[in-house]
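The values are calculated or read from the model by the stated rules, or taken from the named source; none is laboratory data. Values in this document were obtained by computation on a predicted structure and should not be read as measured data. Every residue, glycine as well, gets a Cβ built from its backbone with ideal geometry; the counts of neighbours run over all protein chains shown.
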Amino acid sequence: MARSAPQESVSCHLPREVGLNVPLVDLKAQHTELKAELDAAVLEVISGGMYTPSKHVAAFEEEVAAFCGAKHAIACNSGTDALKIGLQAMGIKHGDEVITTPFTFVATIEAIIQNYATPVFVDIDPRTFNLDVSRLEAAITPKTKAIIPIHLFGQIAEMEQIMDMANAHGIQVLEDAAQAIGSTRNGHACGYWGKAAALSFFPTKNLGAAGDAGMVLTDDDEIAYRSRSLRVHGMAKEPYLYEDIGHTSRLDEIQGAILRVKLRKLLAWNELRRRNASIYDDLLAGSAAQIPFVASETTCHPYHQYTVRHPDRDGLMAHLKEKSVGCAIYYPVSLHVQPVYAFLGHGEGSFPETERACREVLSLPIQAHLSEEQVRYAAGIVAAFE
C-alpha cells in the first residue's frame, strides 16, 4: 500500500534550474485546475461549522460506492485505518494468520499485526509485482483466516484464482486497493471480489485528499455495520453505548468536500495517466528499462505508478536527478528484512523476487498534470541511459 514519495520511498530532490523540470508529483497544479470549486467547498464547510462527518462525507460515501459498484462505503481517517478496521470487522483476531506479500507499504502488515494476527508472506509475480498465485496454496494452513492481495501500482491482482483458493479453504479476502481506485479487471472494479476492500486517499493518490483519508468498501451488511461502529470508538446505535473496542477514525467533513470535487475529475485524470503510460511504452521499447507488464485481464489500469525495472537502477536514478526528472523507489527495502519485523523469522533470500524488485524498480512521473513534452523528455532521458 503506497502513500507519498517522502514518507515511503527514496525520492529524487530536483534542481529546478537544470533543463526541463518533470516533477514526480505536482499537487499545486491539481489545486490550480480546481481552485474555484475547492475553495468554495472548503469555505462552505468552515462557514457551516460542521467539521466532523456530515453531509459531504455521507455524499462522498454514496458517490464512491456507486463509482466502484459496492453496496457500502465507510469513510475513515486513512488507508491504514481502512485495512485495520476492515480486518477487525471481518473478525480477524489473535492467533490467526493472514497471507500477503512483503513487497508493499508497511501499512498492510501493520494492520495485520495490530489485529494481533500473524503476517504470512508469499513472494510476488515478477511481471506484475502482485501476489504470485502459484505460491499461494503452499502458504495456507489451518490458521489462515484471511488473504490480503495488493493491487500494486494500480493493477488488480489475479483475483479469480485467489478467490477460487480462498473459497475452497473458507478464507476471507480483504483487497488492499489503496492504489487502485478506477482500476478494472475483466470489467470489474477493485473491491468486487473480496469480503471488503481498503482504499486510500492520501494526497498523492490518483484521488487524493488534502491530508489523510481512507475508506472500506464491502457488500457485506455485517462488515459495514461493524466498520461504521469501529471508526467511532465502537459506537453504533447511540452515543456512549459501545459495542466494539474501536478507534478514532472519522473522515473530516472538509476532506469529504474536497474529495467530492476531485472525484468528478478522476476518470479524466486517470485517462491522462494512461496517455502518459502509452508514451513511455512507445519510447522505452527496446531500451534497457523494462516497461510495466499489463495483464490481458486488466481492462483499465489507472497507473498510480509507472514502474520500470533497470539493471542499473541507482545509476539511472542519479542520472534522472541530474536532468531534473522526478523519480522514486517503491520500495527500496522489503518488509521481510526490515529490522523491526525480524521476529517474523525471515532473512535475505527468503523471497527472491521481492528482493530483486527492490534492487531494480524505479517509478517515473505519470501524474495527470504533466504535458506530453514533459513525458517525452523524461522517456528520452531514460531511453538514452544504458
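Assorted remarks:
- Scoring Asn167 on the criteria (1) under 20 Å from Asp219 (Cα atoms); (2) surrounded by 23 or more Cβ atoms within 10 Å (Cβ to Cβ) leaves a single failure, condition (2).
- Candidates are the residues of the range 199-235 that are assigned to a strand (DSSP E or B) and out of contact with any Phe, Trp or Tyr (no Cβ under 8 Å at 6 or more places or on another chain); the one that is surrounded by the fewest Cβ atoms within 10 Å (Cβ to Cβ) is Val232.
- Flag if Thr52 is among the hydroxyl-bearing types (Ser, Thr, Tyr), crowded, with 16+ Cβ neighbours inside 10 Å, farther than 26 Å from Tyr303 by Cβ and over 18 Å from the mean Cα position of the chain (by Cα): no
- Residue that is assigned to a strand (DSSP E or B), within 23 Å of Ala82 (Cβ to Cβ) and either outside the structural domain of Thr218 (by TED's automatic domain parsing) or small (Gly, Ala, Ser) (or both), where the choices are Ala178, Ala166, Ala146: Ala146
- If the condition is being crowded, with 19+ Cβ neighbours inside 10 Å and basic (Lys, Arg), then the range 314-337 contributes only Lys323.
- The range 78-92 residues that are within 16 Å of Pro203 (Cα to Cα), paired with ones that are assigned to a helix (DSSP H, G or I) and among the aromatic types (Phe, Trp, Tyr) (beta carbon under 8 Å, 6 or more apart): none
- Here Lys195, Lys205 are screened, and the one residue that is touching a His at 6+ places or on another chain (Cβ under 9 Å), outside the structural domain of Leu370 (by TED's automatic domain parsing) and modelled with pLDDT of 95 or more is Lys205.
- Residue check, Asp176 of a type in the set (D, E, K, R) and surrounded by 24 or more Cβ atoms within 10 Å (Cβ to Cβ): yes
- Some residue of the range 133-143 being outside any helix (DSSP H, G or I), touching a residue at least 12 places away in the same chain (Cβ under 8 Å) and surrounded by 17 or more Cβ atoms within 10 Å (Cβ to Cβ): yes
- When residues in the range 18-66 are screened for being in contact (Cβ under 8 Å) with a residue 12 or more places away in the chain, in contact with a strand residue (DSSP E or B) (Cβ under 8 Å, 6 or more places away or on another chain) and closer than 20 Å to Ala177 by Cβ, 5 of them pass.
- The conditions of being at pLDDT below 95, closer than 20 Å to Val57 by Cα and of a type in the set (Lys, Arg) are met by Lys237.
- A search for C-beta distances below 7 Å between a residue of the range 196-217 that is among the acidic types (Asp, Glu) and any residue that is modelled with pLDDT of 95 or more and buried (at least 22 other Cβ atoms within 10 Å of the Cβ), counting only pairs 6+ apart in sequence or on different chains, returns Asp212/Ser78; Asp212/Phe202.
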